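The values are calculated or read from the model by the stated rules, or taken from the named source; none is laboratory data. What you are looking at is a predicted structure, and each value in this text was computed from that prediction instead of being measured. All Cβ positions, even for glycine, are placed from backbone atoms using ideal geometry, and neighbour counts span all protein chains on display. Ligands, DNA and RNA are stripped out before the accessible areas are found, and what is left, the full protein with its side chains, is counted by its heavy atoms. Shrake-Rupley method; radii C 1.70, N 1.55, O 1.52, S 1.80 Å.
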Amino acid sequence: MDMQDVKAALKAQQIEVPSWAFGNSGTRFKVFTQQGVPRDPFEKVADAAQVNRYTGVVPRVSLHIPWDGVADYAELARHAADLGVAIGAINSNVFQDDDYMLGSVTHPDPRVRRKATDHLLACVDVMDATGSQELKLWFSDGTNYPGQDDIAARQDRLAQSLAEVYARLGEGQRFLLEYKLFEPAFYTMDVPDWGTAYAHCIALGDKAKVVVDTGHHAPGTNIEFIVAVLLRAGKLGGFDFNSRFYADDDLMVGSADPFQLFRILWEVRRGNGFDPSLNGGLGVSFMLDQCHNIEPKIPGQIRSVMNVQEATAKALLVDVEAITAAQAAGDVLGANAALMDAYNTDVRPLLREVRTDLGLDPDPMAAYAASGYAEKIVAERVGGNQAGWGA
Ligand code: RM4
Ligand code: MN
């Protein structure tokens with residue numbers, strides 16, 4: 001790739017930010033409040049638009065329903081468009097109702113399963129109203145104790161619900177099935193790994209893809225291997241990017257292990273995953289799913305977007321001819337060096353150029369800090385209830 005192509009690819013990359021990252025968050029021990037935090041979905045979208053304003057590569061914001069429930073979703077979509085962004089993935093939530101203690105779509109009681117599936121169908125209505133093209137399905141369903149429920153029967157219930165939701169998807173819409181190893185269920189999760197998600201998606205068809213949340217694996221898991229395999233199978237729908245040191249930490253992407261992020265994005269490039277025409281024109285979605293518990297939220301998102309861009313730039317700088325030749329020749333050290341040369345390149349000057357070309361300030365963090373927006377929202381957002389994770 002010559003430098004012009006690398007720059008063009010960086011300008012074309014789209015990263016999506018989560019609405020919930022702008023609200024207050026914390027751990028089960030304490031949620032810390034911050035001044036100026038949004039009080040409703042309209043304010044969350046406004047903050048997401050700031051991330052786009054200073055990075056130029058964040059055209060969409062994901063919603064979480066019912067956290068982002070509004071009376072008129074078309075109005076929310078218009079509000080987003082006025083601010084230069086659009087509504088991205090609709091994230092369903094079947095994990096915060098008392099009825100879901102023993103599961104949602106896999107619950108032993110058909111009444112609860114009906115209620116959960118109805119929520120998923122209602123999320124497709126929100127997609128229709130907002131122009132969103134993807135539904136993200138994450139299930140907290142599972143069991144805590146051996147013998148608690150029939151593992152295979154729960155898979156049947158899951159398959160049934162997914163089939164109903166799949167049938168409801170319109171033209172140009174898809175769902176992304178997310179897996180997670182453990183938590184909140186500690187013995188079995190009903191969608192614990194990419195294999196289970198893949199099996200359900202394969203059974204349904206092209207509109208069902210797997211989403212890889214980077215925080216949802218066992219320590220030491222080779223995530224880039226999963227990415228390569230899913231891309232090869234045409235089943236990688238997207239990412240929920242975040243970083244983890246221990247469990248599902250939801251820290252800023254690229255902060256705990258930037259080398260892992262690079263390795264993932266290299267496999268994306270190798271598997272043609274940056275091609276927007278992939279997956280019937282829906283491509284691979286590069287979404288963030290994180291929380292900013294102690295850092296300011298908008299700068300936290302800007303930093304995260306920059307981290308993804310830096311890792312992407314390094315992946316784009318890998319000399320494909322050199323690595324391919326080394327691989328073919330069995331030159332282990334040469335192939336590894338081709339990868340490491342790219343990783344060890346300082347791509348910050350290149351990204352500053354990309355931003356300048358786009359008419360942006362080359363330093364998004366400084367530009368946002370100087371804009372006065374942070375002070376403005378602290379002064380204006382007085383009263384009301386601050387949005388918070390789970391509220
Ligand atoms: C889950 C999963 C989902 C996210 C929720 C908040 O662990 O990662 O993608 O919507 O958390
Ligand atoms: Mn996620």
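Residues in segment 23-32 that are assigned to a loop (DSSP other than H, G, I, E, B) and at pLDDT 95 or above: GLY23 only. So, in segment 127-160, of the ones that are of a type in the set (D, E, K, R) and buried (at least 18 other Cβ atoms within 10 Å of the Cβ), which residue ends up nearest to ALA86 (Cα to Cα)? So the residue we want is GLU134. Among the residues that make up segment 62-69, is at least one of them open to solvent by less than 70 Å² (accessible area, probe 1.4 Å) and of a type in the set (D, E, K, R)? Yes, segment 62-69 has at least one match. Filter segment 203-243 for residues that are of a type in the set (S, T, N, Q) and over 24 Å from GLN133 (Cβ atoms); which is nearest to ligand 1 (Cβ to nearest atom)? Per the stated criteria, the residue is SER243.
A single entry from ASP149, ASP128 fulfils the requirement of being at pLDDT 95 or above, part of a helix (DSSP H, G or I) and either away from ligand 1 (no atom under 16 Å from the Cβ) or β-branched (Val, Ile, Thr) (or both): ASP128. Within segment 161-180, take every residue that is open to solvent by 30 Å² or more (accessible area, probe 1.4 Å) and touching a residue at least 40 places away in the same chain (Cβ under 8 Å) and give me the one that is nearest to ligand 2 (Cβ to nearest atom). Across segment 161-180, the extreme among qualifying residues is TYR166.
Checking each residue in segment 5-35 for being within 16 Å of ligand 1 (Cβ to nearest atom), of a type in the set (Ser, Thr, Tyr) and open to solvent by 10 Å² or more (accessible area, probe 1.4 Å) picks out only THR27. Quick one: in segment 289-326, which of the residues that are open to solvent by less than 10 Å² (accessible area, probe 1.4 Å) and outside any helix (DSSP H, G or I) is nearest to LYS180 (Cα to Cα)? That would be GLN290. Considered as a group, the residues in segment 212-244 that are of a type in the set (Lys, Arg) and away from ligand 2 (no atom under 15 Å from the Cβ) include one that is nearest to LEU137 (Cα to Cα), and that residue is LYS235.
For segment 153-209, the set of residues classified as in contact with a helix residue (DSSP H, G or I) (Cβ under 9 Å, 6 or more places away or on another chain), of a type in the set (Val, Ile, Thr) and more than 23 Å from ASP248 (Cβ to Cβ) consists of VAL165 only.
Among helices (runs of 4 or more DSSP H) entirely within segment 186-288, having at least 1 residues that are more than 18 Å from the chain's Cα centre (by Cα) and of a type in the set (S, T, N, Q) singles out 194-204. The set of residues from segment 52-70 being more than 19 Å from GLY388 (Cα to Cα), of a type outside the set (Phe, Trp, Tyr) and not in a strand (DSSP E or B) comprises ASN52, ARG53, THR55, GLY56, VAL57, VAL58, PRO59.
Filtering ALA199, ALA208 for residues that are away from ligand 2 (no atom under 16 Å from the Cβ), touching a Cys at 6+ places or on another chain (Cβ under 7 Å) and of a type outside the set (Ser, Thr, Tyr) leaves a single hit, ALA208. Comparison of PRO38, PRO66 shows that the only residue that is in contact (Cβ under 8 Å) with a residue 24 or more places away in the chain and in contact with a Phe, Trp or Tyr (Cβ under 9 Å, 6 or more places away or on another chain) is PRO38. Among the residues of segment 330-347, none qualifies, meaning not one is part of a loop (DSSP other than H, G, I, E, B), open to solvent by 50 Å² or more (accessible area, probe 1.4 Å) and either in contact (Cβ under 8 Å) with a residue 40 or more places away in the chain or basic (Lys, Arg) (or both). Comparison of GLU183, GLU75 shows that the only residue that is acidic (Asp, Glu) and either surrounded by 22 or more Cβ atoms within 10 Å (Cβ to Cβ) or away from ligand 1 (no atom under 16 Å from the Cβ) (or both) is GLU75. Among the residues of segment 94-110, those that are surrounded by fewer than 20 Cβ atoms within 10 Å (Cβ to Cβ) and either free of Cβ contacts under 8 Å to residues at least 12 places away in the same chain or not in a helix (DSSP H, G or I) (or both) comprise PHE95, GLN96, ASP97, ASP98, MET101, PRO108, ASP109, PRO110.
Starting from residues that are touching a strand residue (DSSP E or B) at 6+ places or on another chain (Cβ under 6 Å) and within 13 Å of ligand 1 (Cβ to nearest atom), keep the ones in segment 167-179 and report whichever is farthest from LEU278 (Cα to Cα). Here the residue is GLU178.
Scanning segment 186-202 for residues that are open to solvent by 10 Å² or more (accessible area, probe 1.4 Å) and more than 12 Å from ligand 1 (Cβ to nearest atom) gives PHE186, TYR187, THR188, PRO192, ASP193, TRP194, GLY195, THR196, TYR198, ALA199, HIS200, ILE202.
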